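First comes the structure, then the notes that go with it.
The values are calculated or read from the model by the stated rules, or taken from the named source; none is laboratory data. This is a predicted model, so every value here is computed, not measured. No Cβ is skipped: glycine too gets one built from the backbone with ideal geometry, and neighbour counts run over all protein chains shown. Keep in mind that these areas ignore ligands, DNA and RNA; they rest on the heavy atoms of the full protein, side chains included. Shrake-Rupley method; radii C 1.70, N 1.55, O 1.52, S 1.80 Å.
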Amino acid sequence: MASYQALRHVSIGQYIPTGSAIHRLDPRIKLVCFALLMACTVIISSYSGSLALLVLITSATLAARLPLGYLLKSLRPALPFILVLSLLQLLFYTSGSGAPGARVLFERGVITITTASVQAVVVALIRFLGLLLLTSLLTNTTTTGDLTHGIEHLLRPLTRLGLPGHELALVCTIALRFVPILGEQAEAILLAQASRTITPEPHGVRKLVDGATRGARLVVPLFVDAYRRSEELVLAMQARCYHGGRGRTQWRALRLAPRDLVALGLVILILVGTILSRTIVLP
Amino acid sequence: MYDERGIRRVVNAGLLLAITLLLALTRIGFIPAPTPAGNATIAHIPAIVGGLLEGPLVGLIVGLGFGFASFTQATVPMFKDPLVAILPRLFIGVTAAYTYLALRQATKAQLKALLAVLLALLLYAAWRIYATPNEDGSQSVLIPVLIAVLGTALVAGLYLWLGKQDPRIVVVAMAAAVGSLTNTILVLGMASLRGYLSPAVALTIGITHGIPEVIIAAIIVIAVVAALRGLGQRKRSRVSQAPF
């Protein structure tokens, strides 16, 4: 039974309150910085550049006083998979072997290892670590309320172009609010089915068909329930004269502080550095 | 300016996104399947359902949420790349929605004609692969034969199914399959473009993973859409027919 209990405790990056300077940054600035840094980690492809970026991100994580060991612990179950995948990539990666300056290190049969493929694998691993820390740097230092608030503000200029910024933020808020409720509902469905001897673990050779019907058995009631709740919510919103984002004021207005501008300036410097480092060939 | 339909679309999108997050963030979104990776995902199904029931925009938003969830949860380098984890997922609900919109009004005869065209295209593709020699001058036989046989079986199955089933259900199944295939093809294509997988590995994963996911997606989406829209003939429970 305990295996059903976990569903309601879903969290997308648990908020870890340590009250650091990074926690206190404006959510809009944090989102922009996150997007820019993510772009940096994705476009960088040299050893020194990706290492430098990883060091930067790690120091930011430490500055936010997030428990680094705890963040990396989530990697442990996936470690063998990552290693096997990297090994496969190292052995069979061919598309970059024609790159300028690539030397062949090892060649036998279909297996060719070049400096380019080694670099691709190592950089991919460093990039992965960086992105892992970067995601937790955003989600562990910002409450979900602040996040949707920030998203709504950032999308506001696009409202003039016809993109529904307010509605998008509302969709996020509703979704985040309803995840635990639907989780509880899923639990109730699973328990109800278990009490009628439908076990959640498939066995036998018809695993796939079994799995599909079992999935349908859980997911279909979940969808029907979600649609019922949505009708109730629509009614409640209409009763309160909901009329969209126009002319709406906010309880907590976001205001930029000097530290926000400093953070944004730093990240833009890093981005410029990254773009420059692509034109200068680094080892 | 803000009517009930507008509110309903926003709220439904929110709830579908909530289901996506629930499925993507817990183990219930993964179905054990006899494939190398061991799991087929059903977390992309709310995006397909959103596309079918609420239109392409909602499909896009829910797909974005799915991409973001798989990005934050990723424990393999491939899915920590937003170009692989997020970008392809935007299109799941959109392609499913447009397939559905295009075929929704079709009659049985039109759908059968479409199946015939599909079969012709598949057979032509198989013939082209067979007739075009490889780089070393040999001819590939296995792949075109496989395409021809599987394609014929698929089209024949759909044709027979169309004969006795409500055509709207067949259309829902086709839209679900298109949505699921969008996920498989775009994610693996992007992964091999970005150099995480070699094309051969991507193709293998695509076949061993994509096909079960298409089947599961079609089954579940039909069940969900039929339940919500009251499509098809369903067997009444015997309890409700009891004489009291």
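Would a scan of the range B:21-29 turn up a residue that is facing another protein chain (nearest Cβ under 7 Å) and modelled with pLDDT of 90 or more?
Looking through the range B:21-29, none of the residues is facing another protein chain (nearest Cβ under 7 Å) and modelled with pLDDT of 90 or more.
Being within 24 Å of B:THR99 (Cβ to Cβ), surrounded by fewer than 24 Cβ atoms within 10 Å (Cβ to Cβ), of a type in the set (Lys, Arg) and modelled with pLDDT under 90: is that true of B:ARG8 here?
Yes; evaluated as a whole, the condition is true for this residue.
Considering the range A:157-188 alone, what residues qualify as being farther than 20 Å from A:THR143 by Cα and either open to solvent by 20 Å² or more (accessible area, probe 1.4 Å) or without any contact (Cβ under 8 Å) to a residue 12 or more places away in the chain (or both)?
The answer is A:PRO157, A:LEU158, A:THR159, A:ARG160, A:LEU161, A:GLY162, A:LEU163, A:PRO164, A:GLU184, A:GLN185, A:ALA188.
In the range A:153-178, what residues are away from chain B (no Cβ under 13 Å) and either touching a His at 6+ places or on another chain (Cβ under 6 Å) or part of a loop (DSSP other than H, G, I, E, B) (or both)?
A:ARG160, A:LEU161 - these are the residues of the range A:153-178 that are away from chain B (no Cβ under 13 Å) and either touching a His at 6+ places or on another chain (Cβ under 6 Å) or part of a loop (DSSP other than H, G, I, E, B) (or both).
Residues checked against (1) farther than 26 Å from B:ILE222 by Cβ; (2) within 11 Å of another protein chain (Cβ to nearest Cβ); (3) of a type in the set (Asp, Glu):
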| site | (1), (2), (3) |
| --- | --- |
| A:PRO221 | no, yes, no |
| A:ALA226 | no, yes, no |
| A:ALA236 | yes, yes, no |
| A:GLN250 | yes, no, no |
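Might you check whether a residue that is more than 23 Å from A:GLY49 (Cα to Cα) and modelled with pLDDT under 80 occurs anywhere in the range A:112-122?
There is at least one residue in the range A:112-122 that is more than 23 Å from A:GLY49 (Cα to Cα) and modelled with pLDDT under 80.
Taking the criterion of being crowded, with 19+ Cβ neighbours inside 10 Å, out of contact with any Cys (no Cβ under 8 Å at 6 or more places or on another chain) and more than 27 Å from A:VAL42 (Cα to Cα), would at least one residue in the range A:136-149 satisfy it?
Within the range A:136-149 (the criterion being crowded, with 19+ Cβ neighbours inside 10 Å, out of contact with any Cys (no Cβ under 8 Å at 6 or more places or on another chain) and more than 27 Å from A:VAL42 (Cα to Cα)), the answer is no, since none of the residues qualifies.
List, please: which pairs have Cβ atoms under 7 Å, are six or more places apart or on different chains, and start with a residue in the range A:16-32 that is polar (S, T, N, Q) and end with one that is assigned to a loop (DSSP other than H, G, I, E, B) and open to solvent by 20 Å² or more (accessible area, probe 1.4 Å)?
Between residues of the range A:16-32 that are polar (S, T, N, Q) and residues that are assigned to a loop (DSSP other than H, G, I, E, B) and open to solvent by 20 Å² or more (accessible area, probe 1.4 Å), the close pairs are A:THR18/A:ARG65; A:SER20/A:ARG65.
Do the conditions hold for A:ILE268, that is, is it assigned to a helix (DSSP H, G or I) and within 28 Å of A:HIS166 (Cα to Cα)?
Yes: the conditions hold for A:ILE268.
Within the range A:202-252, count every residue that is at pLDDT 75 or above, open to solvent by 30 Å² or more (accessible area, probe 1.4 Å) and among the aliphatic types (A, V, I, L, M).
Residues in the range A:202-252 being at pLDDT 75 or above, open to solvent by 30 Å² or more (accessible area, probe 1.4 Å) and among the aliphatic types (A, V, I, L, M): 5 in total.
So which helices (runs of 4 or more DSSP H) are wholly in the range B:49-112 and hold at least 2 residues that are of a type in the set (Gly, Ala, Ser) and open to solvent by less than 30 Å² (accessible area, probe 1.4 Å)?
B:56-73, B:90-103
Do we find that B:VAL170 is open to solvent by less than 40 Å² (accessible area, probe 1.4 Å), within 28 Å of B:ALA227 (Cβ to Cβ) and not polar (S, T, N, Q) in this structure?
Considered against the rule, which asks whether it is open to solvent by less than 40 Å² (accessible area, probe 1.4 Å), within 28 Å of B:ALA227 (Cβ to Cβ) and not polar (S, T, N, Q), B:VAL170 comes out as yes.
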